[in-house]
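To start, the structure under review is shown below, and the notes come after it.
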Amino acid sequence: MNCSNFTLLKGAISCLNKAIMTDMDLDETQSVPLPAAAEEEPFLGMTDIFLVCMILGLTIYWWFFRDRKAATPQQLVKPLTVVPLSTASRDPSFINRMKKTKKSVAVFYGSQTGTAEEFAGRLARDCIRYGIKGFPVDPEECEMEELTRMGEVENSFALFCLATYGEGDPTDNAQEFFDWLQEDHDLSGLRYAVFGLGNKTYEHFNAMGIFVDKRLEELGAVRLCKAGMGDDDANIEEDFVTWRETLWPAVCEHFGIESVGEEGVMRQYTLETHEDINQNEIFTGEPTRLKSLTEQKPPYDAKNPYMSSVKVNRELHKGGDRSCMHIEFDISGSRIRYEAGDHVAVFPTNDPAMVEEIAHLLKVNLDDVFTLNNVDDEAAKKHPFPCPTTYHTALLHYVDIAHPPRTNVLHDIIDYASDPKDREFLTRITSSAGKKEFAEWVTDSHRDILQILKDLPSLKPPVDHLCELMPRLHARYYSISSSPKEHPERIHITAVLVDYHSKIDRRIKGVATNWLATKIPNGPDGPRVPIYVRKSPFRLPFKTTTPVIMIGPGTGLAPFRGFIQERYHAKMEGKPIGDTVLFSGCRKKSEDYIYQEELEGYEGDGTLSQLNMAFSRDQAQKVYVQHLIKQKSETVWNLLNDGAHVYVCGDARHMAHDVDMVLHDIVEERGGMTQSQAKDFIKGLRNKGRYACDVWS
């Protein structure tokens, strides 16, 4: 403030003080009786004083702060409102959007881990080859009842890429669509095709894709081609490519269209670089909302994870060459609630060494700030991940660089190879005839993008194009291994460190577990990890007296540790508890018997009525949980007759299948049933919620 301004303010304050003192003197004499002729009106009343004070306050504020605001405009940063996955402000009518943008193909996806969404995007881009326009659609963010209006859009059809989750359930974003399909609707104006994503090691293989394909036909829709069934246990990429090769000829025949030729690589996003941008506007790893990881606001979910402090990270194995971690996340004050059997999602970070190597090979400045903008102005998804951001952040937090790239990724970067031999090789393995070679060289050998860049040294794609093509890095889910009744302010997980060598002798490290292994508490707060809780139907019976049989070797024990804690808590409250039987196991009792002291303690105090442990390699002939179940067949059968609930957690490919076969055998032998009757009996247990599985492959 300059000298003249200060003098003016000083004078105004002096005048005001005199006026106030005069008024105060007069007020103090009001209690003394005066002759009427001697009474005088005060110079300023209280109302006048209030107005003068207000004017003076505004004047002081203006003089003191106007220059400061003018001098530092860069400090007044308007919060960035880029929310790449949200369509809250958009018209939820996909029919209106199709009419407005002259699009004729809607590709709906039900996705839990991102694969179905990725396939939907590829199908939408395929449309360009046939002179039509398509776009991917999240069924959770639009009005699916508008499928009844598809006939209003000329030559239109819908494609569905639908993953099956859990016990044959729809994914979270397809749940409302699944519920809507249970009702009767007129879909006679709809033409459609379905590709399901599942895993054959699960009992309900592709249940969602099969249901939608059948139900749409029942409601009058016209199927364009046979549904595709992708198997993630084998090679889901090959399954998808094979189905796509039958889809488009069927579409061409139905609508009388032809391919417009093999177009060049079509970029879905354009690159925008930022030379001078305020640091407060740059995303640093947040899933959606800017600054959400530092300015935490509940409720916490997939788009707004909670930054939890790691309070405990300890080794559970006593020896051997493998590692299993017991980790505890602090949720005190977060308002996060969980139940025994739920899953906790962890948002991991890629290996910084991999990021540095990619940057070195492609000569990238990781600190450069950029934005990828969708070329389609009407697209719901404006960016592939939160932008603007740095290449360092994108490669660490947003792009899955550790997963072997799919066919479309390598196909779209062929032209960036300067060596004709490298181009010819990539062209061959990404063609229809090269599916087997692609599977062997990429998928089976687990070659990630870094290894491919090393093996093909002339391949130098722009890093922004790689960021566009590579799938998103998604959260990893872990069964919670604690009970909120015993640990209301902490969430426990039990995780085996993934670290092995591939068939080409490359070291493969699990993204999430190797990242978690570095989160060692070193102070009162501990390292922070973004998490949220996903609800699960994997639940103990409501009545504590209902008997339960829990089957989970290795880390399959995790949810059952929570279940046992639930029963222990009920027991300590004086409630009666039913038979609680555990079948678990590991390789060697002396090395990898996790939670040994706890389990034996629960057996000792009666919480566990039976503790059955299989140590597969402690004797010449391997013994697994299914062998112990067979040995205890009479006990198992009696418990089933008493209304027991059966729970299985762990490996779906071998263990869960073998356990299911043993249970069928027990029902046949002990129940005196035929094979068909035993199958119906087991099916009845599942339908009643008495036989539940939480398995993975």
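Give the aspartates and glutamates reachable from Lys509 as a straight Cα distance under 18 Å; neighbours fewer than 8 places away on the same chain don't count. Hits, sequence-local ones excluded: Glu315, Asp321, Asp351, Glu356, Glu357, Asp400, Asp444, Asp448, Asp499. Translational diffusion of region 333-401, estimated by Stokes-Einstein from the Kirkwood radius over alpha carbon pairs at 37 °C in a medium of 0.692 mPa s, is 223 µm² per second. Under 5 Å between amide hydrogens, built in the peptide plane, is the criterion, and for Val312 it picks out Glu328 among residues at least 5 positions away or on other chains. Between the listed residues Asn522, Phe211, Ala433, the Cα displaced farthest toward the positive end of the dipole of the chain, a dipole computed from Cβ unit charges relative to the Cα centre, is found at Ala433. Other residues with beta-carbon under 15 Å from the beta-carbon of His326 carry, at +1 per Lys or Arg and -1 per Asp or Glu, a net charge of 0. Probing with 1.4 Å while keeping every protein chain in the model, the per residue accessible area of the chain equals 49 Å².
Applying the Karplus relation 6.51 cos²θ - 1.76 cosθ + 1.60 with θ = phi - 60° to region 655-671 yields 3J(HN,Hα) values of 4, 4, 5, 5, 5, 4, 5, 5, 4, 4, 4, 5, 5, 5, 6, 7, x Hz, where x marks Gly and Pro. Using the Karplus relation 6.51 cos²θ - 1.76 cosθ + 1.60 with θ = phi - 60°, the per-residue 3J(HN,Hα) values for region 382-395 come to 6, 9, x, 7, x, 9, x, 7, 9, 5, 4, 5, 4, 6 Hz, with x marking Gly and Pro. For the chain, the longest principal axis of the Cα atoms and the long axis of helix 558-572 meet at an angle of about 70 degrees.
Helix 352-362 versus the longest principal axis of the chain: what angle, 0 to 90°, nearest 10, using Cα atoms? Between helix and principal axis, roughly 90 degrees.
Each residue of region 191-281 gets 212 Å³ once the volume of the Cα convex hull is shared out per residue.
Residues His254, His487, ordered by accessible area of protein heavy atoms at a 1.4 angstrom probe radius and largest first, appear as His254, His487. Once C-alpha pairs closer than 8 Å and six or more residues apart are averaged by separation and normalised to the residue number of region 519-659, the relative contact order reads 29 percent.
Relative to the longest principal axis of the chain, what angle (0 to 90°, nearest 10) does the C-alpha long axis of helix 420-429 take? Approximately 70 degrees, to the nearest 10.
Note on region 280-353: with charges restricted to the Cβ of Lys and Arg (+1) and Asp and Glu (-1), its dipole about the Cα centre is near 160 debye.
Maximal additional length on extending the Thr270-Asp665 stretch stands at 136.2 nm, based on 0.36 nm per residue less the C-alpha distance. Over all Cα atoms in region 584-629, the spread is summed up by Rg and Dmax: 11.1, 33 Å.
Applying a DSSP loop filter and a limit of 14 other Cβ atoms within 10 Å to the GluC sites (Glu not before Pro) in region 172-207 leaves Glu183. For the chain, a crude dipole built from +1 on the beta carbon of Lys and Arg and -1 on the beta carbon of Asp and Glu, taken about the Cα centre, is about 1240 debye to the nearest 20. For the cross-link pairs Lys200/Lys519; Lys454/Lys519; Lys291/Lys460; Lys226/Lys436; Lys291/Lys485, the ones whose C-alpha atoms lie over 25 Å apart are Lys200/Lys519; Lys454/Lys519; Lys291/Lys460; Lys291/Lys485. Work through the residues other than Asn365 whose Cβ is under 14 Å from its Cβ and net out their charges, Lys, Arg +1 and Asp, Glu -1. Taking every other residue near Asn365 into account, the sum is -4.
In the chain, taking the dipole from charged Cβ atoms about the Cα centre, the farthest positive-side position among Ala163, Val222, Val442 is held by Val442. Rounded to a whole number, what % of the accessible area of the chain do carbon and sulfur atoms account for, probe 1.4 Å? Within the chain, the accessible surface is 52 percent carbon and sulfur. Dividing the convex hull volume of the alpha carbon atoms of region 259-413 by its residue count gives 217 Å³ per residue. Of the peptides 657-664, 111-118, the ranking by mean beta-carbon count within 10 Å, highest at the top, reads 111-118, 657-664.
Using a/c under 1.5 as the rounded threshold, could you call region 543-697 rounded, prolate or oblate? The axes a ≥ b ≥ c are square roots of the C-alpha gyration tensor eigenvalues, and prolate needs a/b larger than b/c, oblate otherwise. Taking the square roots of the gyration eigenvalues as a ≥ b ≥ c, region 543-697 is oblate. For the chain, the relative contact order is 11 percent, taking Cα pairs closer than 8 Å that sit 6 or more residues apart in sequence and dividing their mean separation by the residue count. Candidates Asn641, Thr607, Gln619 compared by Cα position along the dipole of region 564-671: farthest toward the positive end lies Gln619, with charges placed on Cβ. For the listed peptides 528-535, 149-156, a ranking on the average number of other beta carbons within 10 Å per residue, highest first, reads 528-535, 149-156. Between amide H atoms placed 1.01 Å from N, distances below 5 Å from Asp499 occur with Gly510, all of them 5 or more places distant or on a separate chain. Across region 392-473, the relative contact order, built from alpha-carbon pairs under 8 Å that are at least six residues apart, equals 49 percent.
Neighbours of Asn514, meaning other residues whose beta-carbon lies under 13 angstrom from its beta-carbon, give a summed charge of +2 when Lys and Arg score +1 and Asp and Glu score -1. Taking every alpha-carbon pair within the chain, the share separated by more than 38 Å comes to 49 percent.
Taking Cα centre as origin and charging only the Cβ of basic (Lys, Arg, +1) and acidic (Asp, Glu, -1) residues, the dipole magnitude of region 296-436 rounds to 440 debye.
In region 458-552, the inverse of the mean reciprocal separation of distinct Cα atoms equals 18.0 Å; this is its Kirkwood hydrodynamic radius. Remark on Val369: its backbone amide H falls under 5 Å from those of His274, a criterion applied only to residues 5 or more positions apart or on other chains, H modelled at 1.01 Å from N. Loop-located trypsin sites (Lys or Arg not before Pro) in region 462-513 (DSSP state other than H, G, I, E, B) with a sparse environment of at most 12 neighbouring Cβ atoms within 10 Å: Lys503.
Sorting 95-107, 268-280 by average packing, meaning the other beta carbons within 10 Å per residue, from highest down gives 95-107, 268-280.
The values are calculated or read from the model by the stated rules, or taken from the named source; none is laboratory data. Predicted model only: the values in this text are computed from it and were never measured. Every residue, glycine as well, gets a Cβ built from its backbone with ideal geometry; the counts of neighbours run over all protein chains shown. With ligands, DNA and RNA removed, areas are computed over all heavy atoms of the protein, side chains included. Shrake-Rupley method; radii C 1.70, N 1.55, O 1.52, S 1.80 Å.
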